[in-house]
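The values are calculated or read from the model by the stated rules, or taken from the named source; none is laboratory data. Because the structure is predicted, anything quoted here is derived from the model rather than measured. Because the Cβ atoms are built from the backbone with ideal geometry, glycine has one as well, and the counts that use them run over all protein chains shown. Protein only, heavy atoms only, side chains kept; ligands, DNA and RNA dropped before computing areas. Shrake-Rupley method; radii C 1.70, N 1.55, O 1.52, S 1.80 Å.
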Amino acid sequence: MKSEQSFDVASQGDAQNGATEKPLVATGIKYWVKRLAVETGGIERVTDEDRAQNTSKVWNACTFWLSANMAVATLNVGTIGGKMGLSFWDCFAIILVVNLAANLLPAWTATFGLTGLRMTTFSRYSFGYWGNLLVVVFSMISTTGWNAVNSISGASVLYALSDGKLPQWAGVIVICTTVWIICVFGITWIHRLDAFLWIPPFIVWCVAAGLGAKHFDGNAIKSPTGANGAAAAFSFIAVIFSFAVSWINCAADYNVKMPVNTPRWKIFVATYIGICVPTVLVQTLGAALYSGTEVNHAWKIAFADAGVGGPLKMALLPAGGFGKFLLVLAGLSSIPNNIPNNYSFAMHAQNFGPWAIRVPRIAFVTFGFIAAITVGCCAAAFFKDTLETFLSIIGYWTIIHLVVIIEEHILFRRSRWSNYDWDAWASWELLPFGWGAIGAFAFGFLGAALGMKTAWYTAPIAGLIGKKGGNVGHELTALFCGVAFPVFRWAEKRWTGK
C-alpha cells in the first residue's frame, strides 16, 4: 500500500514537472530572444508608445544607406555607360545629375516610416487593401532580383580574386547566407552593424582610385553624336535612375522606430546623404575603371572574364597581399547592400493578408533567402544582360508606385497627414479596394511597353531614337500613370465612398 502511494506521489511530481517543462523552455527562448535583441514583430504599426521604449537614432538613417550603397553592385552600375558607348565624362555628368535629383525620391519616402508603418503597408492607403497586392508581388520580385544581382556583383570579385577557383554561384551562396543570418536578428542588429559596415568598402574604393588612376582615361571612349548619342544617354539615364529609385519600396521600413518627435527633415537629409554620396562616388569609380579596359588590354581581358571584379583586381594589384585583402572586403560589401532586400522581403510578404501576419517574420526572411540563392545562381551565367534588363524594367513599376502615392497624398489627402486613419492599416472594410490604382497600374505599364529598351525588346517609341533605340520607358510610364490615376481614383471615391 505504501509503495503504491509512493508511486502515485512520484507520478504526480513527474506530471507537474512535465507541465512546467514547456513553459520553462518557452521562457528560456523568450529570455534569449530579448537578451540578443532579436526582432519578433512584423508589419504591425509601431505606436508612439513603442517608439518611446525602443527607438533608432537619426544617424542610423544615414549610416544604414551608406553601407547599402558603398557596394560593389554600385560600382558595377557605373560601368554600364561605357558599355553603352558613352565617354567617361558623359557618364560622370549623367551619374551626378540624375543621382542628385532621383535620390530625393527615396529620401522623401523614408520619412513615411515616422507613421509607424512599413512602406508596403503604407501603400494600402493609396493602392487600396486589395489593389496593394500588386505592390506586394512586384516588391517581392524586385527585392529578390536585387538580392541576386547584388550577390553576383560581389561574387564576381571573389571569382576574380581566386583566379576562377571560386565559382560565382558559390560566392552568391556565401553572401546570401551571411545576409540571411543578419536579417534573422532584425532591425536592431542591422542598425548596429551598418553603423560601421560602410567603412571597409570606402577604404577599398579610395585605394583602388589612387592605385588605378594612371590607367584611367577620360578620352578612351568617344560618345556617339546626334540621335545615337541621345539614345545611349537616355538608356544610361534609365539605368542610373532605376538604381536610385529602387530603394523607394523599402526606405520607410528602417525608420519606424525613430523617436516620436523626430523632425521629418532630419530623416530626409540623413537618408539623402546616405544614398546620394556613396552612389555618386562609387558609380563614378566604376565608370573610370571601365575606361581603363579600353586602353589596357590586360584590363579588358580581366573585365571580359570576371566582370567588374577583373579591372578592380588589376587596379589593386600593385598593393600585393594587401590588395587581395581589399578585394575580399570589396566582395563582402554586397552583404550590407543586400540587407534591405532580404529584410524588407519579409515585410512585403506579410501584407498578403491576415494569414500572412501570423507567419513569423523569420520564415519569410528564410523564403526570400532561398529565392535569392536560386535566382542568383541561375542568373550568374547571364549577368550582363540580367543587370541591364533588370535595372531598366524594375524602374517602371517603381515609378507607378511612386506616382500613385504622390498623387494620393497631394490630390486626395491634401498633403495632410491628419487625413490618414492610422488605425485602419489592417482593415479592408475601412480602406479602398484599389480600383483606381489598378487602372493606373495598367496604364503605367502601357507607357512602359511603348518606351522601354532592353537587351531583348525595343519598344516602338524607343526604336525611333537612334539606330539601337533609347529608353524612354520611365518618362512614358510616369505620364500615363500620372494622367490615369486621378481619373480612376476620383471615380472610385465617387462610387464606393472610400
Query raised in the report: Out of (1) under 25 Å from Val245 (Cα atoms); (2) surrounded by 17 or more Cβ atoms within 10 Å (Cβ to Cβ), what's the single condition that is false for Val483?
Result: (2)
Query raised in the report: Of all residues in region 51-69, which are part of a helix (DSSP H, G or I), more than 24 Å from Ile335 (Cβ to Cβ) and open to solvent by less than 70 Å² (accessible area, probe 1.4 Å)?
Result: Arg51
Query - Subset of region 224-271 [part of a helix (DSSP H, G or I), open to solvent by 50 Å² or more (accessible area, probe 1.4 Å), hydrophobic (A, V, I, L, M, F, W, C) and out of contact with any Ser or Thr (no Cβ under 7 Å at 6 or more places or on another chain)] - result: Ala227, Phe234, Ile237, Trp265, Val269
Requested in this report: Output the number of the condition that Gly274 fails; it satisfies all remaining conditions of (1) at pLDDT 95 or above; (2) open to solvent by 60 Å² or more (accessible area, probe 1.4 Å); (3) under 21 Å from Phe112 (Cβ atoms).
Outcome: (2)
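Any chance region 275-289 includes a residue that's more than 24 Å from Gly307 (Cβ to Cβ) and either in contact with a Cys (Cβ under 8 Å, 6 or more places away or on another chain) or in contact (Cβ under 8 Å) with a residue 60 or more places away in the chain (or both)?
Yes: region 275-289 contains one or more residues that are more than 24 Å from Gly307 (Cβ to Cβ) and either in contact with a Cys (Cβ under 8 Å, 6 or more places away or on another chain) or in contact (Cβ under 8 Å) with a residue 60 or more places away in the chain (or both).
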Query - Test for Lys493: is it under 21 Å from Gly226 (Cα atoms) and surrounded by fewer than 19 Cβ atoms within 10 Å (Cβ to Cβ) - result: no
Query - Verdict on Phe383 being at pLDDT 90 or above, open to solvent by 10 Å² or more (accessible area, probe 1.4 Å) and either touching a helix residue (DSSP H, G or I) at 6+ places or on another chain (Cβ under 7 Å) or in a helix (DSSP H, G or I) (or both) - result: no
Requested in this report: Go through region 295-310 and give me each residue that's surrounded by fewer than 20 Cβ atoms within 10 Å (Cβ to Cβ) and either on the phi > 0 side of the Ramachandran plot or basic (Lys, Arg) (or both).
Outcome: Lys300
Requested in this report: Considering (1) open to solvent by 50 Å² or more (accessible area, probe 1.4 Å); (2) more than 27 Å from the chain's Cα centre (by Cα); (3) closer than 18 Å to Phe236 by Cβ, say which one Gly469 fails and leave the rest.
Outcome: (1)
Query raised in the report: Are any of the residues in region 323-333 without any contact (Cβ under 8 Å) to a residue 40 or more places away in the chain, within 20 Å of Met70 (Cβ to Cβ) and part of a helix (DSSP H, G or I)?
Result: yes
Query raised in the report: Only one of these conditions is not met by Gln350: (1) open to solvent by 30 Å² or more (accessible area, probe 1.4 Å); (2) at pLDDT 90 or above; (3) under 30 Å from Gly128 (Cα atoms). Which number is it?
Result: (1)
Query raised in the report: Looking at Leu430, Leu476, which one is in contact with a helix residue (DSSP H, G or I) (Cβ under 9 Å, 6 or more places away or on another chain), closer than 19 Å to Ala233 by Cβ and of a type in the set (A, V, I, L, M)?
Result: Leu476
